[in-house]
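Okay, so here's the structure we're looking at.
The values are calculated or read from the model by the stated rules, or taken from the named source; none is laboratory data. Here the structure is a predicted model, which is why all the values come from computation and not from measurement. All Cβ positions, even for glycine, are placed from backbone atoms using ideal geometry, and neighbour counts span all protein chains on display. Heavy atoms of the whole protein, side chains included, go into the accessibility calculation; ligands, DNA and RNA do not. Shrake-Rupley method; radii C 1.70, N 1.55, O 1.52, S 1.80 Å.
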Amino acid sequence: MRVTVSVIKADVGSVAGHHRPHAEMLRYAEKKLAEAEETGLIGSGYVTHCGDDIVLVMTHTRGENDPEIHGLAWRTFKEITEKVAKRLKLYGAGQDLLSDAFSGNVRGLGPGVAELEFEERPSEPIVVFAADKTEPGAWNLPLYRIFASPDNTAGLVIDPKLHAGFKFEVMDLIESEVVTLKVPEELYDLVALLGTPGRYAISKVYRAVDDEPAAAASTTRLSLIAGRYVGKDDPVMLVRAQAGFPAVGEILSAFAMPPIVSGWMRGSHRGPLMPVSFRKGQNVVTFFDGPPRVIAMGWQVSDGKLVGVDGKEPADLFDDPFFDYSRRIAAEMAVYLRTMGEFEPARLGHEEMEYTTLPMILERLKPRFRKVAEVRA
Ligand code: F6R
Ligand code: MG
Ligand code: MG
């Protein structure tokens, strides 16, 4: 059967600043998705959070960009905002809902979306990632490692089913254009783009031999939509695994050595992307509103439904003592970067900062700036 997995997320308010959503918000979303399961609109719905973002994972047979599915997500976030977040005066209530103009698709309105439609295989493992306090380009290095780097993904070299490589659809977030690049042939061009994650982000990955969809990632840039700082874009991503795709272990190993990503405090700093468990209360942000973190949920999609380790409870893929090692490194990187305070590269380059006082300071100091030639004269 053809099945679609839709991952739609938004920050519509949180407790203790930008720490995490209130449990009542998650229960409200669970109720909405349970109703949609009962009417048959969706096969399965699962609700979780990563830091202050609520993440909805839905399976259905309606294809990508479906108005009913997007409408369900939109109404859920709207109602949570009105009925829970505003009533409890939670922080940033409705933060990511930038427009009321819903007309069938949440893209461009604030929520992040990663969707993939595919023919369900005899056994269909998927991994859904969600990150907080960072941006869509945070997936660039991990996705490059997973689908393009033979150093990360052994299968690219030794599995005939992966050996022909993958196609990356890369989005220019400023110009709203996409380009598709095939690796290994166009590897250097791909890396040239992906190395600028604030501008270029991966929207889709396809297996080269048969154009089978392999991964989808959200590419929202809230500040470009709103024209002002409205929080970081806290991306989600969905990856198909095994039997012709990278193994789950290859997918996870891309996160073992934490990449430095943009976001963190006031969306204006660089920090390590820390892989965390979501069952052990690690998917919250604390130190300097971070560090940025990522959770990984593993499922089988079986007859259009989510099968996890117990009912639809997903496998908590970063809940492994091995990833204590990565967390330790991420913590050390975080502390180290913070020793630099407001100096680049710990602080983002000026054009990427979400909060800034520089124009104000420059305006005030303008009368005091002197031409060097005059001063030296
Ligand atoms: C980053 C983020 C937080 C806030 C910070 C300041 O994405 O959400 O780091 O930017 O806590 O928030 P305000 O200005 O609302 O006090
Ligand atoms: Mg927030
Ligand atoms: Mg967030």
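Tabulated results
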item	result
Failed criterion for Leu90 (all others in (1) within 16 Å of ligand 1 (Cβ to nearest atom); (2) over 21 Å from the mean Cα position of the chain (by Cα); (3) open to solvent by 30 Å² or more (accessible area, probe 1.4 Å); (4) of a type in the set (A, V, I, L, M) hold)	(3)
Identity of the residue in the range 276-316, within 16 Å of ligand 3 (Cβ to nearest atom) and of a type in the set (S, T, N, Q), that ends up surrounded by the fewest Cβ atoms within 10 Å (Cβ to Cβ)	Thr286
Where a residue in the range 346-357 is open to solvent by 70 Å² or more (accessible area, probe 1.4 Å) and its partner, wherever it lies, is outside any helix (DSSP H, G or I), with Cβ under 7 Å and at least six apart	Tyr355/Tyr229; Tyr355/Ser268
Checklist (1) among the aliphatic types (A, V, I, L, M); (2) within 16 Å of ligand 1 (Cβ to nearest atom); (3) without any contact (Cβ under 8 Å) to a residue 24 or more places away in the chain applied to Leu98, failing item	(3)
The range 317-333, subset open to solvent by less than 60 Å² (accessible area, probe 1.4 Å) and in a loop (DSSP other than H, G, I, E, B), residue farthest from Pro259 (Cα to Cα)	Leu317
Residue within the range 336-359 that is among the aromatic types (Phe, Trp, Tyr) and out of contact with any helix residue (DSSP H, G or I) (no Cβ under 9 Å at 6 or more places or on another chain) present	yes
Qualifying residue in the range 208-216 (condition: modelled with pLDDT of 95 or more, more than 15 Å from the chain's Cα centre (by Cα) and either surrounded by 22 or more Cβ atoms within 10 Å (Cβ to Cβ) or within 22 Å of Leu97 (Cα to Cα) (or both))	yes
Residues (touching a Leu at 6+ places or on another chain (Cβ under 7 Å), free of Cβ contacts under 8 Å to residues at least 40 places away in the same chain and open to solvent by less than 40 Å² (accessible area, probe 1.4 Å)) located in the range 166-202	Phe168, Val170, Leu181, Val183
The range 259-269, subset within 15 Å of the chain's Cα centre (by Cα) and open to solvent by less than 20 Å² (accessible area, probe 1.4 Å), residue modelled with the lowest pLDDT	Gly267
Test: residue in the range 53-61 that is touching a residue at least 24 places away in the same chain (Cβ under 8 Å), of a type in the set (S, T, N, Q), away from ligand 3 (no atom under 16 Å from the Cβ) and outside any strand (DSSP E or B)	yes
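A quick yes/no check of all residues on (1) open to solvent by 40 Å² or more (accessible area, probe 1.4 Å); (2) assigned to a strand (DSSP E or B); (3) under 18 Å from Thr220 (Cα atoms):
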residue	(1), (2), (3)
Met25	no, no, no
Lys31	yes, no, no
Thr48	no, yes, no
Ala73	no, no, yes
Thr76	no, no, no
Ala114	no, yes, yes
Phe118	no, yes, no
Pro122	yes, no, no
